[in-house]
Structure formats: C-alpha cells, structure tokens
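For reference, the structure discussed in these notes is given below.
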Amino acid sequence: MSSHSFGVERVRADFPILSRALQGNKPLVYLDSTATAQKPLSVIRAMDDYYRNTNANIHRGVHTLAEEATADYERARERIAAFIGARSTSEVIFTRNTTESINLVAYSWARKNLSSGDVIILTEMEHHSNLVPWQILAEEKNIRLEFTPVTDEGELNLQAYQNLLELRPKLVAFTQMSNVLGTINPAEEMIRMAHEVGAVVLIDAAQSAPHFKVDVQKLKADFLAFSAHKMCGPTGIGVLYGRRDLLEAMPPFLGGGDMIKKVTLRGFTPNELPHKFEAGTPAIAEVIGFGAAVEYLEQIGMDQIAAYEHTLTRYALDRLSEISGLKVIGPPAEKKGGVCSFTLEGIHPHDIAQLLDREGIAVRAGHHCAMPLHQRYGLPATTRASFYLYNTLEEIDFLAEALEKTKALFG
Ligand code: C6P
C-alpha cells in the first residue's frame, strides 16, 4: 500500500505533536512508537472534554455527572471488548498496563492453580514484563520455567516448542509480536498446540494489538494483555482480557472499593466481573481516552494500518541494508511488524540515538527491556527504529541519511 492510497498526510494532521520542530528547525521524526505511540486530537479532546464537562467518580454517585461518567467509562469498555472480539464486557478488566495485566494473572490465577514442580513455558524473546512476574512466582512456589528458543533469524523454534510441551506445562505465555525483533509469532497455532496438552495460554499483545487485528475468540486465547499508550491512547491504562470461566474462579488481585459486593468487619463478598478485579477509583479519563483511541484506529481500519506498516517496514529494511556495517536483527519483512533493531559497526547504540536526536529523529537505544534476548544474540544493546500509521517513507529516508552522516562522523 502506498503512502498516497493510505492517506498518511491526512493521518498526520490528526496528531498535533507531529508538527513540532526540534533542535531549532528540524521537523520531529518520531520513530519510537514501540515505546509509546503519539496521540490523535480525538483522544486528547475526549479526555479534555471529560475533565471540563463530566468529571465525577463512577459506579458510586446517583447525580447526573456520576451517571454520565459511569456511562462513558462503560461505553469505552464495550468498544474495547468489541475491538478484540471478546464475548462479553465481563471479560475485559482495566489495569494500568500490560505489565500489571500479566502480574494480575501471576498473582491471582497462577498462585491459585500452580504448585511445586509445575511447568511454565515462556520464550527467549519475552519483554521483562512477561519474565519477571514468572520468575518471582517460580522462586516462591518452586515452579519450573522453560524457554522456547529463538533461532538466529529471530523466529521461535517451533520444534523445540513442541518438545517442551511434552512437559505438560500448566501455563504457556508468549508475546504475539517481539518489541525488539518485530517477529510476529504464529499465535493461533501455538495456542492450539498448548491447548492439546491442557495448558492455559497468556498472550502478551502489547505490540500486536496496536498494529493488526487481534481477535481473542479466533486465537482462542485464555488471557491477553495490552496497553493503551502503544495504540494512540493515554498512559496509565491497559487491559487484561480473560476467559470468563477462568476469571470467575480466580481470587481478587487487589482489595478495596468497587471490587466488593458486601463487606463486614470480618469478611467480604467479591463483586461481579469485571469489577471484581478493579479495586479503587480507576483511571476514568484514561479509559475514556482509550475508547477514543480504539475508535480512531477502527475508523482507519486495522487491516489498512497493518498493510501500510508493512510497506514502511519493507522499505526500511531495504534502505538500511544499503548502509555498510549496519546489521538488523530479526526476520525478513514478511514475518515482522514495524520494528527495526540494529547495530552499526564500531558505534555504540546510545551514541547513534544521541546523534539521531540532533537531527530531530527519535529512536530508542538499549536492551528495550529484553535483556535475555540481547544476551542470546551476544549484544549489550541495539538501536531501534519503529513505525506506526503516521510515519512516512520520507522519514525512513531521513533516518538512512542521518545514519550515513553518523558513520561519517565516526570515521
Ligand atoms: N515495551 C518498549 O519500548 P507496559 O510498559 O506495561 O505498557 O508494556 C510492557 C511491555 C510488555 N510486552 C511487550 C512486548 C512490550 O513491548 C512492552 C513495552 C516498550 O519496547 C517499553 S519497555
């Protein structure tokens, strides 16, 4: 799909920050959407409108503002449930982010259902958010963690995964798309294989839900976690999707207001789903902003977004391959989303990111919260350029030119 047929200039006009100049007069080239995406006016306005006109606590008051705020909050949940194909809004729990969603499963479902000697299968390409909660649990309950290896090309070794499944894991948890390699894992097939041995499957959709259609029923995911801020929504709000029967049987995660039906001095009865897992006053404006973000993405179309990002990724890989000494890690364009992590011979990734910043180009350098994956490739760090619906082919040209300049500077 060309930038013309996608209408990227119209999309860009929706994002006020993209008209900013940096370092005096350099137009901002934002290539760090994998860390967090920029926000369109409709999201900014929805949150502004809530604070100007509706601000009230939800599920509590009977006054008009409280009723309006509750209706707006629950409407956003309905929109998000439909966006991921959930059967019901009861299956959509608001959390702070992907990290909290995964921790919720670790603290509530896993603590109840796993015991000493049980196996959890993860992969070598996980973000720390899908590693550390399981390491904490493993230490506490003597759980065995196993890891599906990553090939040199940046894909999961599915034969090794099949072999690991013979250990009859209780839980399999993996990312649908790597935030470093860009690899899109065959989630549907991997879930089917895990279900054949009776495992429950958690999908980290932090990098997939923003970029292509994710349907929990088609995937047959048991749990699925994602964050609003990576999909044009605000920070501080995310979702845990959970299969209703699993959520029903789980103990509450946090205790407090809103998650209860009845409390006495000596005990409580938990609230119905999804409120059972939403203790305390939630991030109301953020949920409303999240609803607006999903509406925005749907108006453009997830398939359109995915196709356009594919064009950007293919072009970026071509342009970067022309730079001698530059090596991108991860699979070819057909197998990945818009993430290019690379090394440039003789130059530290942080120096590259700093020099690119002088040109107005925002990229991320470091281990991208995936230290074990970098260790797998023998790399302390990489520089990462990532793309979203508002990026252009010209911006990729800018990046390539700035990298040539960086190389020249380092001789
Ligand atoms: N990755 C990146 O720059 P939170 O921080 O909870 O919204 O998302 C955590 C997370 C979980 N899984 C994957 C695959 C992710 O990419 C991320 C966030 C960002 O790569 C920030 S570290």
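The values are calculated or read from the model by the stated rules, or taken from the named source; none is laboratory data. The shown structure was predicted, so the numbers you read here are calculated from the model rather than taken from an experiment. Methodologically, a virtual Cβ is constructed for each residue, glycine included, from the backbone with ideal geometry; neighbour enumeration extends over all protein chains shown. These accessible areas exclude ligands, DNA and RNA; they are computed on the full protein's heavy atoms, side chains included. Shrake-Rupley method; radii C 1.70, N 1.55, O 1.52, S 1.80 Å.
Before moving on, here are some points about what is shown:
- Angle of helix 132-141 to the longest C-alpha principal axis of the chain, folded into 0 to 90 degrees and rounded to 10: 40°.
- The overall shape of segment 113-242, judged from the alpha-carbon gyration tensor, is prolate: a/c is not under 1.5, and a/b is greater than b/c.
- Reachable lysines, given that their alpha-carbon falls under 16 Å from the alpha-carbon of LYS230 and they are not under 8 places away in the same chain: LYS39, LYS213
- For segment 44-299, accessible area per residue (1.4 Å probe, heavy atoms of protein chains only), Å²: 41
- Sorted largest first by accessible area at a 1.4 angstrom probe radius, with every protein chain in place, the residues HIS211, HIS63 fall in the order HIS63, HIS211.
- Viscosity 0.890 mPa s, 25 °C: Kirkwood-radius Stokes-Einstein D of the chain over Cα pairs, µm²/s: 110
- Segment ALA82-GLU140, extension gain: residue separation times 0.36 nm, minus the distance between their alpha carbons: 17.2 nm
- Counted by Cβ distance under 15 Å from ASP32, the other residues give a net charge of +1, where Lys and Arg count +1 and Asp and Glu count -1.
- Cα-centred dipole magnitude for the chain, charges only on beta-carbon of K, R (+1) and D, E (-1), debye, nearest 20: 840
- Summing +1 for each Lys or Arg and -1 for each Asp or Glu among the other residues whose beta-carbon sits under 9 angstrom from that of LEU273 gives -1.
- Value of D in µm² per second that Stokes-Einstein yields for segment 1-90, Kirkwood Rh from Cα pairs, at 4 °C (1.567 mPa s): 79
- Along the axis of the charge dipole computed for the chain (Cβ charges of +1 for Lys and Arg, -1 for Asp and Glu, origin at the Cα centre), the listed residues LEU145, GLN299, LEU373 are led at the positive end by LEU145.
- GluC sites (Glu not before Pro), loop per DSSP, at most 14 other Cβ atoms within 10 Å - longest free stretch of the chain: 1-152
- Separation between Cα centres of segment 251-295 and segment 197-212, rounded to whole Å: 23
- Here segment 44-299 has 49 percent of its accessible surface on carbon and sulfur atoms, given a 1.4 Å probe and all protein chains in place.
- Among VAL29, ALA71, ILE17 - extreme Cα towards positive end, dipole of segment 1-89, charges at beta-carbon: VAL29
- Principal-axis tilt of helix 302-321 within the chain, Cα atoms, nearest 10 degrees: 40
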